[in-house]
Amino acid sequence: QVQLVESGGGLVQPGGSLRLSCLASGSIFSIRAMGWSRQAPGKQRELVAQVTTGGSTNYADSVKGRFTISRDNAKNTVYLQMNSLKPEDTALYYCRVVAGANVYWGQGAQVTVSS
């Protein structure tokens, strides 16, 4: 089992920045990838960014060049730095961890981009 605790999020104006953090605990030795997904009202959950244990990253096309995912292995934490935020980035952001054959989710952090 892997437990995830998210922090960050909030309300920001268009063009602003926010950073999300996700701390993993438990069976962290089995983690293969850490990342973030988001779900806006009325829409399906989508993968935003992911970083593997080997350091490979991938991003949704909609956030490339604006969002940066990073991982601090010593702290078992993954970060999502979000810059140049747009109203369409408004969503509930979930930390997502692949450990062994399982996927674990955080409780969600609300990000609202509005003037």
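The values are calculated or read from the model by the stated rules, or taken from the named source; none is laboratory data. Model, not experiment: these values are computed from the prediction. Note that we place each Cβ from the backbone using ideal geometry, even for glycine, and neighbour counts take in every protein chain shown. Just so you know, the surface numbers come from the protein's heavy atoms only, side chains and all, with ligands and any DNA or RNA stripped out. Shrake-Rupley method; radii C 1.70, N 1.55, O 1.52, S 1.80 Å.
Assorted remarks:
- Filtered by the rule that a residue be touching a strand residue (DSSP E or B) at 6+ places or on another chain (Cβ under 6 Å), open to solvent by 80 Å² or more (accessible area, probe 1.4 Å) and within 19 Å of LEU92 (Cβ to Cβ), region 31-58 gives a lone residue, ARG45.
Residue-wise test of (1) out of contact with any Gly (no Cβ under 9 Å at 6 or more places or on another chain); (2) over 23 Å from LEU11 (Cβ atoms); (3) part of a strand (DSSP E or B).
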position	(1), (2), (3)
ASN58	no, yes, yes
ASP61	yes, yes, no
SER70	yes, yes, yes
LEU80	no, no, yes
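- Any chance THR77 is touching a residue at least 60 places away in the same chain (Cβ under 8 Å), among the polar types (S, T, N, Q) and in contact with a strand residue (DSSP E or B) (Cβ under 6 Å, 6 or more places away or on another chain): no
- Residue match in region 13-30 (condition: β-branched (Val, Ile, Thr), at pLDDT below 95 and loosely packed, with under 14 Cβ neighbours inside 10 Å): no
- Residue check, LEU4 surrounded by fewer than 19 Cβ atoms within 10 Å (Cβ to Cβ), at pLDDT 95 or above and in contact with a Phe, Trp or Tyr (Cβ under 9 Å, 6 or more places away or on another chain): no
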